[in-house]
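Student: Here it is, the structure, as structure tokens.
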């Protein structure tokens, strides 16, 4: 993870991602850029989850965002977080300070060796304190210390639910099945 100090805002993130050639960048409370390059396996898992959510939530009108919808939860740590996947209300809007008018229905973080501790610590707390209905942490072998793909679902007042390979959860009232069968090793190229 690298940081470049300059006082950036959420409006700068798309331009910076393009200029630096990275898919994932976040801001700390002081506007410092945090760059966390993702592996091919990480991006493949994110893509699979986005595809599954998009198909199953299509009729709801909910917005499924990937690696680019920044969120600074009110009452959180002050960091501008960029979840791997976020599901928001149709027609979502930001309030001043990068918070949403309606909190996310779902936030997903896929583990990376360099970010797993942040995902399970500060970011999880930020997301729950910010009102996210559900936070799903995803572990994949080679990216985390697990033997099989694993989901860990956090909801505000409930104990975490842990499920290997598949999980069914409610997103904005709609039941959704997420499946990571086959993601048990780093993909190999052609």
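Student: If you go through the range 83-116, how many residues are in a loop (DSSP other than H, G, I, E, B) and touching a helix residue (DSSP H, G or I) at 6+ places or on another chain (Cβ under 7 Å)? Write out each step before concluding.
Tutor: From the range 83-116, those in a loop (DSSP other than H, G, I, E, B) are 83-84, 89-93, 96-98, 101-105, 111-115; that's our starting set.
Of the ones still in play, those that are also touching a helix residue (DSSP H, G or I) at 6+ places or on another chain (Cβ under 7 Å) are 84, 98, 111-112.
The qualifying residues number 4.
Student: If I go through the range 152-187 residue by residue, how many of them are at pLDDT 95 or above, under 16 Å from residue 51 (Cβ atoms) and loosely packed, with under 13 Cβ neighbours inside 10 Å?
Tutor: Number of matching residues: 2.
Student: If you check 146, 135, 82, 102, which single one turns out to be closer than 18 Å to residue 54 by Cα and either surrounded by fewer than 21 Cβ atoms within 10 Å (Cβ to Cβ) or within 16 Å of the chain's Cα centre (by Cα) (or both)? Break it down stepwise before answering.
Tutor: Details: 146 fails: closer than 18 Å to residue 54 by Cα; 82 fails: closer than 18 Å to residue 54 by Cα; 102 fails: closer than 18 Å to residue 54 by Cα.
Answer to the selection: 135.
Student: Report yes if some residue within the range 15-28 is modelled with pLDDT of 65 or more, crowded, with 16+ Cβ neighbours inside 10 Å and more than 16 Å from the chain's Cα centre (by Cα); otherwise report no. I'd like the intermediate steps shown before the answer.
Tutor: Keep residues of the range 15-28 that are modelled with pLDDT of 65 or more, which gives 15.
Those left that are additionally crowded, with 16+ Cβ neighbours inside 10 Å: none.
Checked against the condition, which is being modelled with pLDDT of 65 or more, crowded, with 16+ Cβ neighbours inside 10 Å and more than 16 Å from the chain's Cα centre (by Cα), the range 15-28 yields no hits at all.
The values are calculated or read from the model by the stated rules, or taken from the named source; none is laboratory data. Keep in mind it's a predicted model, so treat the numbers as computed, not measured. Because the Cβ atoms are built from the backbone with ideal geometry, glycine has one as well, and the counts that use them run over all protein chains shown.
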